[in-house]
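The values are calculated or read from the model by the stated rules, or taken from the named source; none is laboratory data. Because the structure is a prediction, the values reported are computed rather than measured. All Cβ positions, even for glycine, are placed from backbone atoms using ideal geometry, and neighbour counts span all protein chains on display.
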Amino acid sequence: MAERGKATEIYEFFYHAVNSSVHASLHHLLRVVWYNRESHVATITNKTFEQYYSNFALIYGSWMASALAVELLEEFGLTLSTGEDTELSVWMVVIVKPAVIHRQPPIVTLEELARPKPS
């Protein structure tokens, strides 16, 4: 369907993001274990992924809303004014297109990058 709709790039982006968040994997489970070397306490939390999840929700919601708007316009034979069309295009260019092209938000969190290397 993505190929027929000429949306394979968008499909692959959302498929990867959604698939990795709903299917448990050892890799994902290990990413939520945080060990404090000073206190020798391990905690399990995905709080560090909060920014990733909220950014993804914004991008996915924006894409869905714009896709729905385009579909409804075509279905009912409606057209946008020049200003409305520009606003919709700017919305897509600013929020959705960069996310798909640059694979944003990043999958590796800043907290993971700052995590000390094991000795």
Could you figure out which of (1) exposed (fewer than 10 other Cβ atoms within 10 Å of the Cβ); (2) under 20 Å from ASN46 (Cβ atoms); (3) modelled with pLDDT under 75 isn't true of PRO105?
(1)
Answer from LEU88, LEU80 - the residue that is surrounded by 12 or more Cβ atoms within 10 Å (Cβ to Cβ) and more than 25 Å from ALA17 (Cβ to Cβ)
LEU80
Might you check whether a residue that is assigned to a helix (DSSP H, G or I), at pLDDT below 85 and in contact with a helix residue (DSSP H, G or I) (Cβ under 9 Å, 6 or more places away or on another chain) occurs anywhere in segment 32-42?
no
Within segment 7-31, residues at pLDDT 80 or above and not in a helix (DSSP H, G or I) come out as ALA7
Taking into account only those residues within segment 91-100 that are over 10 Å from SER62 (Cα atoms), hydrophobic (A, V, I, L, M, F, W, C) and surrounded by 13 or more Cβ atoms within 10 Å (Cβ to Cβ), which is modelled with the lowest pLDDT?
VAL100
